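Asks: Pasting a structure below so you can have a look.
The values are calculated or read from the model by the stated rules, or taken from the named source; none is laboratory data. Keep in mind that what you see is a predicted model, and the values were worked out from it rather than measured. Using ideal geometry, Cβ is built from the backbone for each residue, glycine included, and neighbour counts are taken over all protein chains shown.
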């Protein structure tokens, strides 16, 4: 069993390989942790399924950086790209790291430029969302990036079918559900619909209507069961599902669990902090950090809504160790104290 970092970096030419992004579960567990070796016992493939997938992943041009099975297809599709549409998708469900579907688009754009293929490519980002990014400060910069690089963004477009025989992808217009549009593709990067594990979303008392653990957003204590807490992707916390969000939640959870176990009320509050390093090329990154209300909550005393090489290397060279050595071992609880130190004397 392997534990993987997010795999958008696996495009080659200075990015990391699949092998360098995964480690056996036995190597990443803290020494005092008990590994409960259980497994999923059932699936419900009729729900949240795109017609034509996963079969289309076995055909040329279709890949997904969200799966170790298909991540290498992405790079193969770029290497074999000749001409036509390169399409990148964002589904109509909550997903792991909402910035990742467009990160791979920016990396692909630069790869095609470096290899003399960009003038033969029409790069398209079809997203189910009504915005390019949920925080206005960073969205404004990203719109400038897509305009400068001649990238097409279609909002409120949701992938519903892949036809590998004709190399076509069918999208539904979410503002007009009776309207469908078919795109031919030379390359298709799919961000699949996502959900919580079946064992959780089938337990009605624990979850909300969408199948996510129903917790209080400040304390992460369940709304009905005070002995149940939750963090991370399985919860309905109204923030991005990223490792940075989990890091920000860990310290609050630790304090609140200790309080409840001591017979006290949970009084530590999570502000919704999360981070999304928006990699926009092989040496550029916009480090988005924000809270529940979409207000920037930046660690460094600079404008992080700007493409910077320093932020790229922070993401590429430092964050993996923060993840493997800090977060998974319970030592990293987010940059809160670093932020305070960095902003001393600033208003």
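Asks: Restricting to the stretch 178-212, name every residue that is farther than 20 Å from residue 89 by Cβ and surrounded by 14 or more Cβ atoms within 10 Å (Cβ to Cβ).
Replies: Across the stretch 178-212, the qualifying residues are 196, 198, 200, 201, 206, 207, 208, 211, 212.
Asks: Let me ask another. Can you tell me which residue is farthest from the chain's Cα centre (by Cα) among those in the stretch 148-164 that are surrounded by fewer than 13 Cβ atoms within 10 Å (Cβ to Cβ) and not in a helix (DSSP H, G or I)? Break it down into steps so the answer makes sense when it comes.
Replies: So the first thing to find is which residues in the stretch 148-164 are surrounded by fewer than 13 Cβ atoms within 10 Å (Cβ to Cβ), and the list is 148, 150, 152.
Add one more test, that the residue is not in a helix (DSSP H, G or I), and what stays is 150, 152.
Details: 150: 24, 152: 21 Å.
Filtering first and then ranking leaves 150.
Asks: Kindly provide the set of residues from the stretch 287-312 that are over 16 Å from residue 135 (Cβ atoms) and free of Cβ contacts under 8 Å to residues at least 24 places away in the same chain, ordered by number.
Replies: Selection gives 302, 310.
Asks: Criterion first (under 30 Å from residue 80 (Cβ atoms) and either touching a residue at least 40 places away in the same chain (Cβ under 8 Å) or assigned by TED's automatic domain parsing to the domain that holds residue 315 (or both)) does residue 171 satisfy it?
Replies: yes
Asks: Ok, one more. Listed residues 145, 131; which is assigned to a helix (DSSP H, G or I) and either in contact (Cβ under 8 Å) with a residue 24 or more places away in the chain or surrounded by fewer than 16 Cβ atoms within 10 Å (Cβ to Cβ) (or both)? Can you show your working first?
Replies: Numbers: 131 fails: assigned to a helix (DSSP H, G or I).
So the residue among 145, 131 that is assigned to a helix (DSSP H, G or I) and either in contact (Cβ under 8 Å) with a residue 24 or more places away in the chain or surrounded by fewer than 16 Cβ atoms within 10 Å (Cβ to Cβ) (or both) is 145.
Asks: For the stretch 165-176, give me each residue that is over 26 Å from residue 240 (Cβ atoms) and surrounded by fewer than 14 Cβ atoms within 10 Å (Cβ to Cβ).
Replies: The initial filter retains those residues of the stretch 165-176 that are over 26 Å from residue 240 (Cβ atoms), namely 165-168, 170, 176.
Matches in the stretch 165-176: 165, 166, 176.
Asks: If you don't mind, another one. Since residue 125 meets every condition but one in (1) farther than 22 Å from residue 279 by Cα; (2) touching a helix residue (DSSP H, G or I) at 6+ places or on another chain (Cβ under 7 Å); (3) without any contact (Cβ under 8 Å) to a residue 40 or more places away in the chain, which condition does it not meet?
Replies: (1)
Asks: Of all residues in the stretch 176-201, which are over 22 Å from residue 123 (Cβ atoms) and within 24 Å of the chain's Cα centre (by Cα)?
Replies: Applying the first criterion (over 22 Å from residue 123 (Cβ atoms)) to the stretch 176-201 yields 176-179, 193-201.
Selection gives 193, 194, 195, 196, 197, 198, 199, 200, 201.
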